[in-house]
Amino acid sequence: MITLEVDLGSRSYPIHIGPGTLTDAALIRDWVLSRQVMIVSNETVAPLYLGAIEAAFSDRIVGTVILADGEQFKTLDSFDLIISELLEQGFDRSCTLIALGGGVVGDITGYAAASYQRGVDFVQIPTTLLAQVDSSVGGKTAVNHRLGKNMVGAFHQPRCVIADIATLETLDQRQLRAGIAEIIKYGLIFDPELFVWLEANVEKLLELDQDCLTYAVRRSCEDKATIVAKDELESGVRALLNLGHTFGHGIENVLGYGHWLHGEAIACGMCMAAALSLRMGLLSHSDYERIISINKLVGLPTLPPRDLDPKTLAAAMQMDKKNHGGRIRLILIRAIGDAFICDDYSDDEFRMVLESGRAGDGE
């Protein structure tokens with residue numbers, strides 16, 4: 001088992017990475033000291049792993065909430081299901097919530113923990129690659145609104161993150177590929193060595209090579225923990241972690257949540273950010289080709305859907321949380337490993353990028 005630390009002073013917490021951590025009852029119990037435990041999962045993950053978590057707390061008062069599976073269920077209605085169950089079962093403010101699942105479960109559970117009786121403890125047990133490398137770390141919690149992604153939420157750090165690499169063996173290829181998109185993101189933002197490693201090892205990741213998966217999760221968590229420790233509440237450098245997300249969240253919103261997986265939309269968004277960077281003369285053509293190539297190698301989209309209206313997409317992007325004074329702020333790329341925040345870009349070039357799906361082979 002590998003253990004990393006997210007250094008946030010009194011809010012610091014460990015990330016435990018390795019096969020078998022989910023079934024390590026002693027490890028999990030170390031971070032859940034409360035008498036009352038509410039486990040939140042979904043209809044896909046619960047049949048696989050819920051029993052192991054319940055067994056770890058056989059001497060406690062344990063409740064469960066099983067949500068429907070999918071981004072389209074990351075809503076205030078799902079949030080209300082958790083809050084209602086906590087209230088109906090008489091859970092007090094010393095209780096602990098456990099998020100057992102992917103990014104949707106983690107985000108909703110974290111937001112419920114941040115809100116219930118003004119804040120209770122929670123533990124992240126991510127079971128997808130995307131959640132293990134990204135969403136389970138950093139304390140961002142939220143649900144979607146019909147007008148924008150993650151528009152209702154709070155910063156609330158978990159007590160710990162327990163990432164069991166063995167759970168990735170149950171993922172389908174589409175979910176696995178979507179998770180790799182977030183690993184690519186770290187390489188583009190500030191870790192060019194990781195990007196080079198990915199170019200050489202993507203096939204092994206897709207084949208579920210345990211050593212490669214462990215390295216990718218560890219390196220990604222190290223990268224994210226470094227940025228979160230510098231800027232917990234996203235007032236500066238943490239915004240770089242949104243590379244591809246302004247475009248991607250807009251695509252998710254316009255298509256309808258769940259039509260594309262989050263990682264698929266982010267991959268497309270990163271390629272669109274790279275295209276704009278190239279058009280503005282910021283990014284070399286060779287680096288641009290490497291970015292497009294690795295996303296294609298993974299099997300991720302590089303262009304927006306052909307039937308996606310550019311004006312509708314631009315309107316959806318106006319809801320991004322980075323925006324200021326009505327201007328869409330983007331994360332652009334100078335080179336692989338060198339991303340930056342930008343609102344001084346050409347509107348004409350931006351429009352051309354939004355229209356790229358119609359001009360190419362967008363899905």
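The values are calculated or read from the model by the stated rules, or taken from the named source; none is laboratory data. None of the values given here were measured: they were computed from a predicted structure. Neighbour counts are summed over all protein chains in view; Cβ atoms, including those assigned to glycine, are modelled from backbone coordinates with ideal geometry.
Computed quantities for the displayed model
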item: Residues of segment 322-346 that turn out to be surrounded by fewer than 18 Cβ atoms within 10 Å (Cβ to Cβ) and under 22 Å from residue 255 (Cβ atoms), as a count; result: 2
item: Only listed residue being without any contact (Cβ under 8 Å) to a residue 24 or more places away in the chain, of a type in the set (Asp, Glu) and outside the structural domain of residue 17 (by TED's automatic domain parsing), chosen from 264, 207, 199, 232; result: 207
item: Single condition residue 249 does not satisfy, out of (1) over 22 Å from residue 265 (Cα atoms); (2) crowded, with 24+ Cβ neighbours inside 10 Å; result: (1)
item: Index of the failed condition, residue 137 passing every other in (1) farther than 19 Å from residue 8 by Cβ; (2) assigned to a loop (DSSP other than H, G, I, E, B); result: (1)
item: Segment 168-222: number of residues that are of a type in the set (Val, Ile, Thr) and within 18 Å of the chain's Cα centre (by Cα); result: 6
item: Criterion violated by residue 166 - all others in (1) more than 25 Å from residue 253 (Cβ to Cβ); (2) out of contact with any Pro (no Cβ under 7 Å at 6 or more places or on another chain); (3) among the hydrophobic types (A, V, I, L, M, F, W, C); (4) surrounded by fewer than 24 Cβ atoms within 10 Å (Cβ to Cβ) satisfied; result: (2)
item: Residue match in segment 96-115 (condition: closer than 25 Å to residue 210 by Cα and of a type in the set (Val, Ile, Thr)); result: yes
item: Criterion violated by residue 287 - all others in (1) within 24 Å of residue 104 (Cβ to Cβ); (2) among the acidic types (Asp, Glu); (3) in contact with a strand residue (DSSP E or B) (Cβ under 8 Å, 6 or more places away or on another chain) satisfied; result: (1)
item: Output for segment 182-193, where each listed residue is assigned to a helix (DSSP H, G or I) and touching an Asp or Glu at 6+ places or on another chain (Cβ under 7 Å); result: 182, 186
item: Meets criteria (assigned to a loop (DSSP other than H, G, I, E, B), crowded, with 20+ Cβ neighbours inside 10 Å and in contact (Cβ under 8 Å) with a residue 40 or more places away in the chain) for residue 33; result: no
item: Hits in segment 41-77 (condition: in contact (Cβ under 8 Å) with a residue 40 or more places away in the chain, outside any helix (DSSP H, G or I) and touching a Phe, Trp or Tyr at 6+ places or on another chain (Cβ under 9 Å)); result: 41, 42, 67, 70, 74, 75
item: Search result, residues across segment 78-95 that are of a type in the set (S, T, N, Q) and either in a loop (DSSP other than H, G, I, E, B) or more than 22 Å from the chain's Cα centre (by Cα) (or both); result: 84, 89, 94
